[in-house]
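Engineer: Attaching a single structure in structure tokens format; questions to follow.
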Amino acid sequence: MSHLSIDLETFSSVNIGKSGLYKYVQSPDFEILLFAYSVDDYPVEIIDLANGEMLPDWLEAAIGDPAYIKHAYNAAFEWYCLSKYFGATLPVDQWRDTMLHGLYCGFTAGLDATGKALGLPQEKQKLAVGKSLIRYFCVPCAPTKSNGGRTRNLPKHDPEKWELFRTYCKGDVVTEKEIERRLSGFPVPADIEKQWQTDLIINARGVAVDMDMVRGAIEIGNSTRDKLMSEAVSITGLENPNSVAQLSRWLEKEAELEFSDLRKDTVASALKSDEVTGDAERMLKIRQELGKTSTKKYDAIEAAVCADGRVRGLLQFYGANRTGRWAGRLVQVQNLPRTYIGHLPWARKAVEDRETEKLRVMYGSVPDTLSQLIRTSFIAPPGHKLVDADFSSIEARVISWLAGEQWRLEVFRTHGKIYEASASQMFGVPLEKIKKGNPEYALRQRGKVAELALGYQGSTGALIAMGALDMGIPEADLPDIVSRWREANKRIVDLWYSIESAAVSVIQTGHQAGVNGILFQREFDLENDLDFLTITLPSRRKLFYARPELGQNQWGRPSITYYGVNQTTKQWTPLETYGGKLVENCVQAIARDCLAAAIEHLEEAGFPVVFHVHDECVIDCPESQADLDAVVKIMTLPIPWALDLPLNADGWVGDFFRKD
């Protein structure tokens, strides 16, 4: 078995950042400029396709030969580009992704960033001029007098830059190989490689979109925004009434109102006050509307849709660095507004027909209606149906199973009403009394917010963040809710502290420790200066925490730190964690593994997944095969490494994506 490491440089007039890989490659003017490669430990070679060089016969054969395992950083790019080049979809099982290897081991995405995090020497990191070279040769240029009015830079236009670009491309292969070598002691498991390969197929398959509705929504959204802005200017006289600073000053001067900010919740709270009337009230309502008039999601669909009416590349495998969950790309399907309005087919038709007034009469807020309809842009093509199924309360089930909280497991094995059951346990009220029409039903709300907020060691702050005060629960009652929930879930509470204790012990002593089927280890590769705290899940997949250390938190207890990506600064930096957060990582990672198993089973059974969201799978299949019961049965098959985990799923069959 030989290993072929590849890096390509390409040209396309399509903006890959906005439109994604698949539309970029499908562009008629797409071409591969440079093909750098290395076989095993041999030096890097480069083929200058832009200057007429050809791939040697042996290399052409190797691209489809299973005796050669192909490696690339973000290998989906090279795989799809070469599939276009050769005119056929290349076998996915022959490819390995060095970016996935880095992500699996807890590092960040990005060749340069991963190299820095691994401490690669400067000469093995990407050249600083790389981005400028890509801008020069790989994207169209603006025609000017000085460049003769051309719209593209070719190698002949700057031979010195081109030679530097060749060196840059070869350097990427060197960096990729070095990352792979340094991480070789911590291989990606075969089942994760298989999941990545399935993800390639799903992303390339894409999902159909209703472009008539999308373009109607963009047109209605833009005209509605223009009208609102015009009204706002008329009321306030401001140059930009959407400016927080300008509007805040106007409210303070004209309406004698003070606002420290104009965030969504601040505006909503102010509108509930009797003090806000007249022009001030109307301006705050306009601000609310303007906050919903963004057509960014629709714009993203329009930018990414391919010639066949499908959007591809919506998912990023291992996009959530700590748990290995998928992340959204392009349209961000992981973060779409919910749909609460009724008569969806009628609303969608009104948008397609640009009937703004019909929408306003039927639903009131046109921007809010457009926002809710975004998810319905994803459709089944003619003769097909979408089958949507998602796991029910998957995280609550997993944490109950992991902790061995038997009363909860019994709930999930029977009626599944965890909010009512939780309230029953917390307040000592018989479950049968917590139903609509009874005064005890008010306790369900407390059970619900407790379930949503407290499973990962949250306290009163977590309840507030989850909306407890907005539900009408007095702040003085929150500590009691926390206390009651923890008393009712002693095994989950024990799990927080057992997990934290195991992690601290392993970091201190280097000896492995196990908690409820989860194994903690300190793993080293001294030669490459790698040091990890690893958590082996029941699925045998590992979670990696780089360079773990112990400090002291604000309460004087041991504090666990590791290196990761700060979600605010996006920098590779020390992060702090604790028992509840580690439990959250494990639970979400196990839930992710359940979803991954379900996706594999669905694909094997002939149910093609077009995308998935958290714990929900969306399938596009011929109408004759659209069998929800069959899909649910597959999704809830017993998992070999968690046979006693009680899974359940539900869903719908329809013509467009929605959220029930």
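Engineer: Which percent of the Cα-Cα distances in segment 458-511 go past 16 Å?
Structural biologist: Details: 787 of 1431 pairs.
Here the long-distance tail beyond 16 Å is 55 percent of all Cα pairs in segment 458-511.
Engineer: Give me the extension gain from E523 to S184: residue separation times 0.36 nm, minus the current Cα-Cα distance, reported in nm with one decimal.
Structural biologist: Working: separation 339, 0.36 × 339 = 122.04 nm, distance 1.31 nm.
Net length gain for the segment: 120.7 nm.
Engineer: Mind giving me the nanometre distance, one decimal, between the label points for K570 and D274, set 7 Å out from Cα along Cα→Cβ?
Structural biologist: Modelled inter-label distance: 4.9 nm.
Engineer: Taking only the alpha-carbon atoms of segment 56-104, what semi-axes of the equivalent ellipsoid follow from 5 times the gyration tensor eigenvalues under a square root, in whole Å, largest first? It would help to have the intermediate numbers written out before the result.
Structural biologist: Details: eigenvalues 76, 29, 14 Å².
Three semi-axes, in Å: 20, 12, 9.
Engineer: What do you get for Rg/Rh over the chain if you use C-alpha atoms and the Kirkwood form of Rh?
Structural biologist: Result: Rg/Rh = 0.98.
Engineer: Compute for segment 416-474: radius of gyration divided by Kirkwood radius, i.e. Rg/Rh, restricted to C-alpha atoms, rounded to two decimals. Provide the component values of the computation, followed by the final result.
Structural biologist: On the way: Rg = 11.3 Å, Rh = 11.6 Å.
The Rg/Rh ratio comes out at 0.98.
Engineer: Of Q334, G319, L359, which is farthest towards the positive pole of segment 317-359's charge dipole, taken about the Cα centre with +1 and -1 on the beta-carbons of Lys, Arg and Asp, Glu respectively?
Structural biologist: G319
Engineer: Still on this structure, I have one more. Give the lysines reachable from K161 as a straight Cα distance under 22 Å; neighbours fewer than 8 places away on the same chain don't count.
Structural biologist: K124, K126, K131, K145, K170
Engineer: What is the P(r) of segment 31-156, as percent of Cα-Cα pairs per 5 Å bin from 0?
Structural biologist: 2, 9, 14, 19, 19, 17, 12, 6, 3, 1, 0
Engineer: With r as the distance between the Cβ atoms of D353 and D660 and R0 = 25 Å, compute the FRET efficiency 1/(1 + (r/R0)^6) and round to 0.05. Don't jump to the answer; show the numbers that get you there.
Structural biologist: Numbers: r = 26 Å, r/R0 = 1.04.
That pair, D660 with D353, gives E of 0.45.
Engineer: Something else now. Quick one: what Rg and Dmax do you get for segment 475-594 from the alpha carbons, in Å?
Structural biologist: Taking only Cα atoms of segment 475-594, I get Rg and Dmax of 15.7, 56 Å.
Engineer: About its Cα centre, how strong a charge dipole does segment 292-332 have in debye, to the nearest 20, once Lys and Arg get +1 and Asp and Glu get -1 at the Cβ? Intermediate results must be reported in sequence, preceding the final value.
Structural biologist: On the way: 8 positive and 3 negative charges, 51 e Å.
Dipole size: approximately 240 debye.
Engineer: Still on this structure: Mind listing the long-range amide H neighbours of Y318? Cut-off is under 5 Å, sequence gap 5 or more, other chains count too, H placed in the peptide plane at 1.01 Å from N.
Structural biologist: Amide H neighbours of Y318, under 5 Å, 5+ apart: W326, A327.
Engineer: Using the Cα centre of the chain as origin and beta-carbon charges of +1 (Lys, Arg) and -1 (Asp, Glu), tell me which of G110, S501, A232 is placed farthest towards the positive end of the dipole.
Structural biologist: A232
Engineer: Restricting things to alpha carbons, tell me how big segment 567-633 is in terms of Rg and Dmax, in Å.
Structural biologist: 17.2, 53
Engineer: I want the antiparallel fraction of DSSP beta bridges within segment 1-139, as a percent rounded to 5. Present the calculation step by step, with values, prior to reporting the outcome.
Structural biologist: Working: 12 of 19 bridges.
Just about 65 percent of them are antiparallel.
Engineer: Next question. Quick one: ranking E78, E357 by accessible area, 1.4 Å probe, largest first, what do you get? Don't skip to the answer; put the middle values down first.
Structural biologist: Values: E78 5, E357 105 Å².
Of E78, E357, the descending order of accessible area is E357, E78.
Engineer: Something else now. Under the Kirkwood approximation for Rh and a Cα-based Rg, what ratio Rg/Rh is obtained for segment 32-83? Could you put the intermediate results ahead of the total?
Structural biologist: Values: Rg = 11.1 Å, Rh = 11.9 Å.
A ratio of 0.93.
Engineer: With no solvent and one equal point scatterer placed on each C-alpha of segment 180-292, evaluate the Debye formula and give log10 I(q)/I(0) for q = 0.12 Å⁻¹, two decimals.
Structural biologist: Debye intensities relative to I(0), on a log10 scale: -0.61.
Engineer: Taking the Cα centre of segment 15-130 as origin, sum charge times position over the Cβ atoms of Lys and Arg (+1) and Asp and Glu (-1), and report the length of that vector in debye to the nearest 20. Please report the intermediate quantities before stating the final value.
Structural biologist: Details: 8 positive and 15 negative charges, 133 e Å.
For segment 15-130, the charge dipole is close to 640 debye.
Engineer: Within the chain, what whole-number % of the accessible surface is contributed by carbon and sulfur, with the 1.4 Å probe and all protein chains included in the calculation? Walk me through the intermediate numbers first.
Structural biologist: Values: 14720 of 29900 Å².
Here carbon and sulfur together make up 49 percent of the probe-accessible area.
Engineer: Using only Cα positions of segment 509-660, each an equal point scatterer, no hydration layer, compute I(q)/I(0) via Debye at q = 0.09, 0.13, 0.17 Å⁻¹ and quote the log10 values to two decimals.
Structural biologist: -0.44, -0.78, -1.03
Engineer: Over the alpha-carbon set of segment 1-103, work out the extent along each principal axis and list the three values in angstrom, largest first.
Structural biologist: 37, 36, 24
Engineer: Tell me which aspartates and glutamates have Cα within less than 17 Å of K227's Cα, excluding those fewer than 8 residues away on the same chain?
Structural biologist: Candidates past the 8-residue exclusion: E219, E239, D279, E289, E355, E357, D368.
Engineer: OK, next. Just reorder H511, H415, H71 by solvent-accessible area, largest first, 1.4 Å probe, all chains present. If you can, show how the numbers build up before the last one.
Structural biologist: On the way: H511 130, H415 85, H71 25 Å².
Listed by decreasing accessible area, they come as H511, H415, H71.
Engineer: Which order, highest average first, do 190-203, 38-51, 457-470, 94-107 follow once you tally other Cβ atoms within 10 Å for each residue and take the mean per peptide? Before the final figure, lay out the partial values.
Structural biologist: Values: 190-203: 18.9, 38-51: 15.1, 457-470: 17.1, 94-107: 23.4.
The packing order, highest mean first, is 94-107, 190-203, 457-470, 38-51.
Engineer: Put +1 on the Cβ of every Lys and Arg and -1 on every Asp and Glu Cβ in the chain; which of P538, N516, A75 then has its Cα farthest towards the positive end of the dipole?
Structural biologist: Going by the charge dipole, the pick is N516.
Engineer: Taking segment 124-207 on its own, what percent of its Cα-Cα pair distances exceed 18 Å?
Structural biologist: Working: 2235 of 3486 pairs.
Of all Cα-Cα distances in segment 124-207, 64 percent exceed 18 Å.
Engineer: Something else: Roughly how big is the chain's charge dipole about its Cα centre, with Cβ charges of +1 (Lys, Arg) and -1 (Asp, Glu), in debye to the nearest 20?
Structural biologist: Working: 75 positive and 90 negative charges, 181 e Å.
Computed about the Cα centre, the dipole is about 860 debye.
Engineer: Is segment 205-359 rounded, prolate or oblate when judged by the Cα gyration tensor, a ≥ b ≥ c being the square roots of its eigenvalues, rounded requiring a/c under 1.5 and prolate requiring a/b larger than b/c? Spell out each step's value before the answer.
Structural biologist: Numbers: a/c = 2.50, a/b = 1.66, b/c = 1.51.
The shape class here is prolate.
Engineer: Still on this structure, please answer the following. Rolling a 1.4 angstrom probe over the protein heavy atoms, how many square angstrom per residue are accessible across the chain?
Structural biologist: Here the per-residue accessible area is 45 Å².
The values are calculated or read from the model by the stated rules, or taken from the named source; none is laboratory data. Source: prediction; values computed, not measured. With ideal geometry, Cβ positions are generated from the backbone for all residues, glycine too; neighbour counts draw on all protein chains shown. The area values use the complete protein model at the heavy-atom level, side chains included, leaving out ligands, DNA and RNA. Shrake-Rupley method; radii C 1.70, N 1.55, O 1.52, S 1.80 Å.
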